[in-house]
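First the structure, in the form of structure tokens, and then the observations on it.
The values are calculated or read from the model by the stated rules, or taken from the named source; none is laboratory data. Predicted, not measured: the structure shown is a model, and the values here were computed from it. Counting neighbours? That spans all protein chains shown, and the Cβs are built from the backbone with ideal geometry, glycine included. Quick note on the areas: whole protein, heavy atoms, side chains included, nothing else; ligands and nucleic acids left out. Shrake-Rupley method; radii C 1.70, N 1.55, O 1.52, S 1.80 Å.
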Amino acid sequence: MTFEIKGVSKTYTSKKHGEKIYALQDINLTIETGKFVCFVGPSGCGKTTLLRLMEGFENPDEGTITDNGVLVTEPSSERGFIFQDYSLFPWLNVLDNVTFGLDIAGKPEEENKERAYKYLEAVGLKDFANKYPHELSGGMKQRVAIIRSIINDSKSLLMDEPFSALDVQTKHKLEEQLVNNWRGNDRTIIFVTHDVEEAAFLSDEIVVFSRRPGRIKKVFENNLPRPRDRSTYEFQDFVNEITKHIDESEDD
Ligand code: ADP
Ligand code: MG
């Protein structure tokens, strides 16, 4: 199995009043290798905190997280992470930014380029392959950064609301690309999102968080057949079922 999360708690000290904020309390979760798992829940419920602990950017106050049996204490190249702010290498063009990880991993260059072009085409950036980051709009840079993380072959990929700022069409295309890329290999994906429909489209499992302190409320298996179709009753029923368990009234 990939991740084993046992009895994890994390507190922060509020800057304003100096009081303790329980970001996460007693989280227990097992994530099997190759699963696509979505974290959903109201903002402030600890989704980002747990993802950061799983990467090893921070450590829990209590409890342990292991990745493939190894205690997570610091970031590892076995785990890719996509932040909400994106950064590209300014001295590389779009294509080289996208293939960077694959190239340094020694994968065949022609194949890397082919894969990169497929993604760039899907998000309308094929004609920008030879441009440099400073020649792109903010939205374009963001798409390039997302593609770069998706096509790298890390064993797991931790994604924090990566598509939340994109227009619906681009978002749907990237969701499809992400699923197609993930299917058939053993990569584990943990994907944080606000969007229940997105979680229903992508995931094998949906972990619903409740807040104050952040706890796991319920874990849903997603047995909708793939490839998925958002327009079916089955799909919409599942979305409604999940939504019922998310207490948006607590949202701020
Ligand atoms: P989510 O990603 O679900 O919106 P977060 O994990 O970002 O939630 O935050 C969970 C709680 O922890 C919130 O109350 C947030 O304000 C608090 N928190 C997160 N990071 C810090 C930090 N570095 N310092 C103080 N409080 C924090
Ligand atoms: Mg967050």
_Tell me yes or no: at least one residue of region 62-80 is within 14 Å of ligand 1 (Cβ to nearest atom) and open to solvent by less than 60 Å² (accessible area, probe 1.4 Å)._
no
The strands (runs of 3 or more DSSP E) lying entirely within region 1-114 that contain at least 3 residues which are within 16 Å of ligand 2 (Cβ to nearest atom) and in the same structural domain as Lys217 (by TED's automatic domain parsing) are 20-31, 36-40
Screening Lys126, Lys155 for residues that are open to solvent by 80 Å² or more (accessible area, probe 1.4 Å) and touching an Asp or Glu at 6+ places or on another chain (Cβ under 9 Å) leaves only Lys155
The residue that is least open to solvent (accessible area, probe 1.4 Å), considering only those in region 81-96 that are among the polar types (S, T, N, Q) and at pLDDT below 95, is Ser87
Scanning region 158-188 for residues that are open to solvent by less than 20 Å² (accessible area, probe 1.4 Å) and within 16 Å of ligand 1 (Cβ to nearest atom), the one nearest to Thr2 (Cα to Cα) turns out to be Leu158
With the first residue restricted to region 217-239 and required to be open to solvent by less than 60 Å² (accessible area, probe 1.4 Å), and the second required to be at pLDDT below 95 and of a type in the set (A, V, I, L, M), Cβ contacts under 9 Å at 6 or more apart or on different chains are Arg226/Val179; Arg228/Val179
